[in-house]
Amino acid sequence: MSRIRKYRPDVRLRSLLNRPGGVSIEQALSEAARGIETLRAQCVGAVDAKIEEIAAAAIDDTYCVPAVYALADEIFVLAGTFGLSDVSRAAYSLCALLSSDEGARKAAAVHVHVDALRALRNPVVASDSLAAAKVLDGLANVTKRYAKDAAPGR
Amino acid sequence: MTHPVQQKINLSLASVLVIDNSQHVLDILTQVMKGMGAQDIHRCTTVADASQFLAQTPADLIVIDPTLKDEDGYEFIRSVRRSSSSTQRVAPIISMSGYSTAATVARARDCGANFFVAKPITPKVLIDRLIFIGRDNRQFIEVEGGYCGPDRRFKFEGPPPGSLGRRAEDKAPVGDASAPNMSQDEVDFMIKPQRVQL
């Protein structure tokens, strides 16, 4: 039988967090938001660069899935952090596609996502909510077709 | 989670280790931690760097995306939980991932992470988790050859919906005594198995 030890540990962080001083929650939130905002230009630039990296990487069905997945995941995170929610959703759809056994090897489906991501970064499409919704609906159909076992989108 | 007015958070003396493949994500996390007053922030893009860092310097808080490219971040969490340093072993670990499924969350929990946070990163969510850590009084569980980490049961949720629960009848009043108290011999006879000569 396995031996089990249960105890209530002294967690150093707990005592540090509760020390006198520090910053108010409001102040922490506004400082963090201000700090993140200083990164906007470089992170949004990175989103565009990573879309093109995916386009270059997925040349045929033998592309490196983990590498493309990492790029899609980063686009999802960066776009989501900086309020590019449609771009983030499209990248999430690509992650779902790449997470499925059937969809992961379909370079054509990856390129549909690349085109959608490029379109959603276009100011004309980005400012037209109907057009953006159509692009995302199209992606949902692609992902549904190939990635039956993928998790539901957000 | 709503925060009481005037509630404060103090990370000024904490050593924070953030691990993610992406420099951009590390930049964002650094800004969130700085906002909370952290000054001692260590950034690593690989498990190897993080392990090397922890071998020399303890961290009070670890924030990691375990779905690292070419590396097993989950194994890193397990190794921290089996650390020979008792302080390091119990340090809070926040696991975060972009594309998250139920399996991703369960895997992080079963490796010993305190919390799972879905990216994109929002300062509010991270601050909420840290405040929770400040109040969290869960037991730490160490199973020989098995799970090591905080108790995975967060709360007592009561019996399943629609049922009274197995112990519901225990709460019924037992009523007045209907006979004199039993003697100690009678009690012993009922509960002590004894060797007898037949």
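A compact table of results
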{"read-out": "Breaking point among (1) surrounded by fewer than 21 Cβ atoms within 10 Å (Cβ to Cβ); (2) at pLDDT 95 or above, for residue B:93", "value": "(1)"}
{"read-out": "Residue match in the range A:80-98 (condition: closer than 27 Å to residue B:24 by Cβ and away from chain B (no Cβ under 14 Å))", "value": "no"}
{"read-out": "Criterion (part of a loop (DSSP other than H, G, I, E, B), within 9 Å of chain B (Cβ to nearest Cβ) and either more than 27 Å from residue B:39 (Cα to Cα) or of a type outside the set (Phe, Trp, Tyr) (or both)) met by exactly one of A:10, A:60", "value": "A:10"}
{"read-out": "Output for the range B:48-67, where each listed residue is farther than 16 Å from residue B:16 by Cβ and either surrounded by 21 or more Cβ atoms within 10 Å (Cβ to Cβ) or of a type in the set (S, T, N, Q) (or both)", "value": "B:51, B:52, B:66, B:67"}
{"read-out": "Subset of the range A:35-55 (residues that are facing chain B (nearest Cβ under 8 Å) and either in a helix (DSSP H, G or I) or within 21 Å of residue A:91 (Cα to Cα) (or both))", "value": "A:35, A:36, A:39, A:42, A:43, A:46"}
{"read-out": "From the options A:48, A:10, residue that is at pLDDT 90 or above, of a type in the set (D, E, K, R) and under 24 Å from residue A:137 (Cα atoms)", "value": "A:48"}
{"read-out": "When residues of the range B:132-156 are limited to those that are at the interface with chain A (Cβ under 7 Å from one of its Cβ atoms) and of a type in the set (A, V, I, L, M, F, W, C), the one farthest from the chain's Cα centre (by Cα)", "value": "B:143"}
{"read-out": "Residue in the range A:18-54 that is surrounded by the most Cβ atoms within 10 Å (Cβ to Cβ), counting only those that are in contact with a Lys or Arg (Cβ under 8 Å, 6 or more places away or on another chain) and among the small types (Gly, Ala, Ser)", "value": "A:32"}
{"read-out": "Condition check for residue A:15: hydroxyl-bearing (Ser, Thr, Tyr) and surrounded by 20 or more Cβ atoms within 10 Å (Cβ to Cβ)", "value": "no"}
{"read-out": "All helices (runs of 4 or more DSSP H) inside the range A:73-139 with 3 or more residues being crowded, with 21+ Cβ neighbours inside 10 Å, touching a Pro at 6+ places or on another chain (Cβ under 9 Å) and without any contact (Cβ under 8 Å) to a residue 40 or more places away in the chain", "value": "none"}
{"read-out": "Within the range B:121-131, tally of residues that are more than 7 Å from chain A (Cβ to nearest Cβ), free of Cβ contacts under 8 Å to residues at least 40 places away in the same chain and assigned to a helix (DSSP H, G or I)", "value": "2"}
{"read-out": "From A:97, A:78, residue being in contact with a Cys (Cβ under 8 Å, 6 or more places away or on another chain) and either aliphatic (A, V, I, L, M) or modelled with pLDDT under 90 (or both)", "value": "A:78"}
{"read-out": "The range B:78-90, subset touching a strand residue (DSSP E or B) at 6+ places or on another chain (Cβ under 6 Å) and surrounded by 15 or more Cβ atoms within 10 Å (Cβ to Cβ), residue farthest from residue B:145 (Cα to Cα)", "value": "B:90"}
{"read-out": "Test: residue in the range B:37-49 that is facing chain A (nearest Cβ under 9 Å) and farther than 22 Å from residue A:21 by Cα", "value": "no"}
{"read-out": "Residue count for the range B:106-116, restricted to those that are touching a helix residue (DSSP H, G or I) at 6+ places or on another chain (Cβ under 6 Å) and buried (at least 21 other Cβ atoms within 10 Å of the Cβ)", "value": "4"}
{"read-out": "Given (1) facing another protein chain (nearest Cβ under 7 Å); (2) touching a helix residue (DSSP H, G or I) at 6+ places or on another chain (Cβ under 7 Å); (3) under 19 Å from residue B:104 (Cα atoms), number of the condition residue A:18 does not satisfy", "value": "(3)"}
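The values are calculated or read from the model by the stated rules, or taken from the named source; none is laboratory data. No experiment lies behind these values; they were computed from the predicted model shown. All Cβ positions, even for glycine, are placed from backbone atoms using ideal geometry, and neighbour counts span all protein chains on display.
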